[in-house]
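The structure under discussion appears below in the form of structure tokens.
Computed from the coordinates by the stated procedures, all read-outs in this text should not be read as laboratory data. Remember, it's a predicted structure, so these values are computed and weren't measured experimentally. Positions of Cβ are generated from backbone atoms using ideal geometry, with glycine treated the same way; all protein chains shown enter the neighbour counts.
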Ligand SMILES: NC(=O)c1ccc[n+]([C@@H]2O[C@H](COP(=O)([O-])OP(=O)(O)OC[C@H]3O[C@@H](n4cnc5c(N)ncnc54)[C@H](O)[C@@H]3O)[C@@H](O)[C@H]2O)c1
């Protein structure tokens, strides 16, 4: 990956400051290279593949997360699990049991080496490869799957650096295969209903959105295969796990459907805790542990909106994905408690404002919130929310994600998340790292669509023409 600094002054902070004083319009961003789109390739915005009647799936990676995906697929109409792969044969056997316990045919098994997954990908009876391995293997598996004529769905983050991101984009554009990141948090119930409210204009213009991954991973560190996750954190600064926070935020902002992220600035705390965890885990204290306890990234969009994303997996804080939205007419907040506030237009103006009342724009009461959620329930939540809860997977959102993936493939529709969502959301890791390692410098967010970010106006889920939910959604607009 090449960096092109467009700073008119030198990188030294002092020089940048004086540059800014002399010429406030000076370009001071670090700009990374955007590779030219190879001839003959076109963008994948709005791309839909031929419908697939029964989607035949192969899974790679059956550790903590993988088997729950296999379990969910036993309950998805029109999906068939054809093959399972992990380096560890016992892990394959565990997922095979899930299939047999569900009364389904056994899947082909691949295990025993770090390359066995290639044989799964090369099969000619698979439509979709579903990747649930560790972060470092995601992008190569994605690229190879598309090259072998398969659609691919990859766990978060699907790519860890800009080279991997551009590889996935170019391969998807060249092969005309879907490359979707399995970002489940965009399907959580509060997020879906709030997105629906936003799309109906309830919040007015959206001004600012916040997201986060704040999750104390203490109980999980010893469980990761070969300690991959802690090692990745040891070796990299920046927000290495941004997608749960930024994904739902980007859908609210219609990113690459009329707006795009243009610039980010990131800052991190000291890495106070990582070395202690590594020493506890391995018996050896690392000379350096790079990833901070707390990392913050601030982003501005082309249409002048802002996002803030946070990451903390080290400290004893309650789980928090933030999910907060400020609009010109309303406000939504998910963590630590869910609430909505709207402009009190309905409240009669009593004349002189009451300066004693500091809470004049209160959250809706629980009854009002419930009524709003019933009125603005997202059509997908209305359709399968209760069933999704009964299947489970982070309260049901994981099932909705898989259900939608298969529904769209079966109906030949654009997927809910395309390769540019993957790119934009994953890019926060390498771009925040660049910012931090360069004195918190502004870094340009590349236009991963290479010119197509304004082609579609507004983020929408796709539905088949005869789908009941489609008409409901259209009617309400
Ligand atoms: N979306 C979510 O809510 C969520 C939750 C948990 C994990 N995840 C993501 O899921 C992925 C997996 O996480 P995990 O917690 O299951 O990790 P894990 O370490 O428990 O499992 C990874 C599995 O991949 C296998 N693997 C590694 N290299 C392989 C190869 N070359 N061929 C075949 N198998 C290989 C390992 O043997 C292991 O079983 C990660 O990307 C993680 O970020 C997402």
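Need pairs with beta-carbon distance below 6 Å; first residue within 16 Å of residue 226 (Cβ to Cβ) and within the stretch 105-116, second part of a loop (DSSP other than H, G, I, E, B) and near the ligand (Cβ under 8 Å from one of its atoms); sequence gap 6+ or separate chains.
Listed by first residue and then by second, the contacts come to 111/86; 114/87.
For the stretch 239-251, how many residues are in contact with a helix residue (DSSP H, G or I) (Cβ under 6 Å, 6 or more places away or on another chain) and in a loop (DSSP other than H, G, I, E, B)?
Filtering the stretch 239-251 down to residues in contact with a helix residue (DSSP H, G or I) (Cβ under 6 Å, 6 or more places away or on another chain) leaves 239-240, 242-244, 246-248, 251.
Now restrict to residues that are in a loop (DSSP other than H, G, I, E, B): 239-240, 242.
Of the residues in that region, 3 qualify.
Only one residue in 246, 207 is within 25 Å of residue 453 (Cβ to Cβ), crowded, with 23+ Cβ neighbours inside 10 Å and touching a residue at least 12 places away in the same chain (Cβ under 8 Å). Which one? Steps first, answer last, please.
Numbers: 207 fails: crowded, with 23+ Cβ neighbours inside 10 Å.
The conditions single out 246.
Would you check if there is a residue in the stretch 88-109 being in contact with a helix residue (DSSP H, G or I) (Cβ under 8 Å, 6 or more places away or on another chain) and at positive phi?
no
Of 289, 272, which residue is touching a residue at least 40 places away in the same chain (Cβ under 8 Å), assigned to a loop (DSSP other than H, G, I, E, B) and surrounded by fewer than 16 Cβ atoms within 10 Å (Cβ to Cβ)? Working first, answer last.
Numbers: 289 fails: surrounded by fewer than 16 Cβ atoms within 10 Å (Cβ to Cβ).
Only one candidate qualifies: 272.
Please return the ranges of helices (runs of 4 or more DSSP H) entirely within the stretch 80-176 where 3 or more residues are within 11 Å of the ligand (Cβ to nearest atom). Write out each step before concluding.
On the way: elements: 89-101, 116-122, 135-147, 162-175.
Of the helices (runs of 4 or more DSSP H) lying wholly inside the stretch 80-176, those with at least 3 residues that are within 11 Å of the ligand (Cβ to nearest atom) span 89-101, 116-122, 135-147.
Of the conditions (1) touching a strand residue (DSSP E or B) at 6+ places or on another chain (Cβ under 7 Å); (2) within 16 Å of the ligand (Cβ to nearest atom), residue 253 satisfies every one except a single condition; which number is it?
Result: residue 253 fails condition (2) only.
Among the residues of the stretch 53-73 satisfying the criterion of being touching a strand residue (DSSP E or B) at 6+ places or on another chain (Cβ under 8 Å) and part of a loop (DSSP other than H, G, I, E, B), which is nearest to the ligand (Cβ to nearest atom)?
Within the stretch 53-73, the subset touching a strand residue (DSSP E or B) at 6+ places or on another chain (Cβ under 8 Å) is 54-62, 66, 69-70, 73.
Remaining after also requiring part of a loop (DSSP other than H, G, I, E, B): 54, 61-62.
Details: 54: 25, 61: 4, 62: 5 Å.
Only one residue fits best here, namely 61.
Scanning the stretch 157-176 for residues that are within 30 Å of residue 396 (Cα to Cα) and buried (at least 23 other Cβ atoms within 10 Å of the Cβ), which turns out farthest from the chain's Cα centre (by Cα)?
The qualifying residue farthest from the chain's Cα centre (by Cα) is 172.
Please count how many residues of the stretch 378-395 are in a loop (DSSP other than H, G, I, E, B) and surrounded by fewer than 23 Cβ atoms within 10 Å (Cβ to Cβ). Even if it seems obvious, please write down each step before you answer.
As a first pass, look at the stretch 378-395 and keep what is in a loop (DSSP other than H, G, I, E, B): 378, 392-393.
From what's left, surrounded by fewer than 23 Cβ atoms within 10 Å (Cβ to Cβ): 392-393.
Number satisfying all stated conditions: 2.
Take the conditions part of a helix (DSSP H, G or I) and more than 14 Å from the ligand (Cβ to nearest atom) and apply them to residue 76. Does it pass?
Details: part of a helix (DSSP H, G or I): no; more than 14 Å from the ligand (Cβ to nearest atom): yes.
No.
Counting only residues that are assigned to a helix (DSSP H, G or I) and buried (at least 24 other Cβ atoms within 10 Å of the Cβ), which one in the stretch 177-191 is farthest from the ligand (Cβ to nearest atom)?
Start the filter on the stretch 177-191 by keeping residues that are assigned to a helix (DSSP H, G or I), which leaves 184-187, 189-191.
Filter once more, so that each one left must be buried (at least 24 other Cβ atoms within 10 Å of the Cβ): 186-187, 191.
Numbers: 186: 11, 187: 10, 191: 13 Å.
This residue is 191.
Quick test for you: out of 416, 398, pick the one residue that is part of a loop (DSSP other than H, G, I, E, B) and in contact with a helix residue (DSSP H, G or I) (Cβ under 7 Å, 6 or more places away or on another chain). Steps first, answer last, please.
Details: 398 fails: part of a loop (DSSP other than H, G, I, E, B).
So the residue among 416, 398 that is part of a loop (DSSP other than H, G, I, E, B) and in contact with a helix residue (DSSP H, G or I) (Cβ under 7 Å, 6 or more places away or on another chain) is 416.
What pairs come out if I take residues in the stretch 219-231 that are more than 17 Å from residue 285 (Cα to Cα) and pair them with residues that are more than 8 Å from the ligand (Cβ to nearest atom) and not in a loop (DSSP other than H, G, I, E, B) whose C-beta lies under 8 Å away, six or more apart or interchain?
Between residues of the stretch 219-231 that are more than 17 Å from residue 285 (Cα to Cα) and residues that are more than 8 Å from the ligand (Cβ to nearest atom) and not in a loop (DSSP other than H, G, I, E, B), the close pairs are 224/230.
Do you know which of the residues in the stretch 211-238 that are in a loop (DSSP other than H, G, I, E, B) and within 11 Å of the ligand (Cβ to nearest atom) is farthest from residue 114 (Cα to Cα)?
Taking the stretch 211-238 first, the residues in a loop (DSSP other than H, G, I, E, B) are 215-220, 224, 236-238.
In the following step, the residues that additionally are within 11 Å of the ligand (Cβ to nearest atom) were identified as 215, 217, 220, 224.
Numbers: 215: 30, 217: 26, 220: 23, 224: 16 Å.
The residue in question is 215.
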